[in-house]
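Working notes, structure below.
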Amino acid sequence: MKEKQLPKYQQLKQEILSWLHTGRLKPNDQMPSENEIAEQFLMSRQTVRQTFGELEKEGWLYRMQGKGTFVSTPQTQKSRDVQTIGILTSYISDYIFPHIVRGAEATLRARGYRLLLSSTDNDKAKERESLDMMMRQPLSGLIIEPTKSAEGNPNLSYYLSLDYQHIPYLMINERYPEMNCPSLIVDDEDGGFKAAAHLIQLGHRRLAGFFKTDDLQGVNRLKGFIRAHHHYQIPLLPEFVIHYTTEEKRTKPYRSALAMLEHSAAEERPTAFVCYNDELAIHLLEAVRTIGMQVPQDISLIGFDDSNLATATEVKLTSLSHPKTELGSDAAGILIDMIENKRVIGSETGKVYKPELVIRESTIRIP
């Protein structure tokens, strides 16, 4: 076993919990005897007995006199007097995520629940580590933002384990398509459509779009961007659509924007940028300024999420709204209702928010 810095009984406890989470041991299965466990892990029977005692106290195991120790049913495990909800996001400290967490935390606190927070840094391996850590805790439920949702779900076994153990969970911002759980999402395709439509209605005909496509939010924003061009019968140049991954977000869009503006004749340049989010819009604002151009006089600019960044510079960004705090609060409320059996668990119990266009100074009409 790993984590040698832990006391032996805690090492053993984590190992046994992993057996339960992965389904190696199922409800009402008999545990190996104390002697067998002691021999397998080269521990004393006293250490094994201490571990079994803790797991019994927490509701994971139960003992039958004269027969041995068995795995509890999910209902028994769920009955432990611990009211903790985990929140797993792709990031914690930046952009819109503090607002989401703040909204959830306020609702959880008001209804008597505690919060356990973790982030994946938008990395699949870290998502697995975070799920493993969360599931070793006595959780009542989970709020999860999928990591790189457009790139599949290699951690499916953990989500199936949540289902098997009847631990309620829901997803925010997006949902892995194969999971039948509630999700609270923004209509990102509608947002992408509204962004492009706004610019087209202002007379723009050469729009460049920049979308992060390792998550479904970006895929759907791109889909709406393309749909607006079809709807208004505006040609969309392939070289004006830039898609990138999380790892490329600081480099590829910036370089692509510079190339469009520096190496094209005036009549061939884009007249507007539609950005995946406000963070990218601010980054591309720097690119525009680097070559001596201005927003919106030379390039109109639209972001997404209506974050604090949208009003942080002297050019106030036109942006699409994101509910943020409301989404966090709603997610916590729905999950608590699921835990307290006030709401049926299923994808139909989620919520879709329509983004609103917030018009500021970064977009103007052109002749």
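The values are calculated or read from the model by the stated rules, or taken from the named source; none is laboratory data. A quick note: this is a predicted structure, and the numbers were derived from the prediction, not measured. Don't worry about glycine lacking a Cβ; one is built from the backbone with ideal geometry, like all the others, and counts go over all protein chains shown. Surface accessibility is based on the protein's heavy atoms, side chains included, excluding ligands, DNA and RNA. Shrake-Rupley method; radii C 1.70, N 1.55, O 1.52, S 1.80 Å.
Couple of notes before you dig in:
- Angle in degrees between helix 8-21 and the longest Cα principal axis of the chain, rounded to the nearest 10: 70 degrees
- Gain on full stretching of the segment that runs from Q40 to K26 - 0.36 nm per residue minus C-alpha separation: 3.0 nm
- Potential extension, S157-Q10 segment - 0.36 nm per residue separation minus Cα distance: 50.5 nm
- The aspartates and glutamates within cross-link reach of K354, meaning a Cα-to-Cα straight distance under 12 Å and a gap of 8 or more places when in the same chain, are D187, D188, E189, D190, D305.
- Over the chain, accessible surface divided per residue gives 45 Å², non-protein components excluded, 1.4 Å probe.
- Given (1) 5, 24, 33, 24, 11, 3, 0; (2) 5, 22, 26, 19, 13, 9, 5, 2, 0; (3) 6, 27, 36, 24, 7, 0, the label whose value is P(r) over Cα pairs in 10 Å bins from 0, in percent derived from this model: (2)
- Violating pairs (Cα-Cα greater than 32 angstrom) within the set K13/K249; K26/K249; K126/K324; K148/K194; K249/K324; K26/K126: K13/K249; K26/K249
- For segment 145-244, the gyration tensor built on C-alpha atoms gives a prolate shape. Its axis ratio a/c (a ≥ b ≥ c) is at least 1.5, and a/b is the larger of a/b and b/c.
- Charge dipole (debye, nearest 20) of segment 245-320; +1 at Cβ of Lys and Arg, -1 at Cβ of Asp and Glu: 120 debye
- Annotation: Y158 carries an accessible surface of approximately 40 Å², with a 1.4 Å probe and no ligand, DNA or RNA atoms counted.
- FRET efficiency, 1/(1 + (r/R0)^6) with R0 30 Å, evaluated for E247 and D298 via beta carbons: 0.50
- Backbone phi angles across segment 152-169, fed through the Karplus curve with coefficients 6.51, -1.76 and 1.60 (θ = phi - 60°), yield HN-Hα couplings of x, 10, x, 9, 3, 4, 5, 5, 5, 5, 4, 4, 4, 8, 6, 8, x, 8 Hz in residue order; Gly and Pro are listed as x.
- The residue list P296, N341, L327 was ranked by how far each Cα lies along the charge dipole of the chain toward its positive end, using unit charges on Cβ atoms, and N341 comes out on top.
- As a fraction of the 1.4 Å probe accessible area of the chain, surface on carbon and sulfur atoms comes out at 50 percent.
- Between helix 325-339 and the chain: long-axis angle, C-alpha atoms, 0 to 90°, nearest 10: 30 degrees
- For peptides 223-234, 32-43, sequence by mean Cβ density within 10 Å, most packed first: 223-234, 32-43
- Cα centre as origin, Lys/Arg/Asp/Glu Cβ charges: the chain dipole, Debye: 660 debye
- Residue (of S44, A265, S183) at the positive-pole extreme of the chain, dipole from beta-carbon charges: S44
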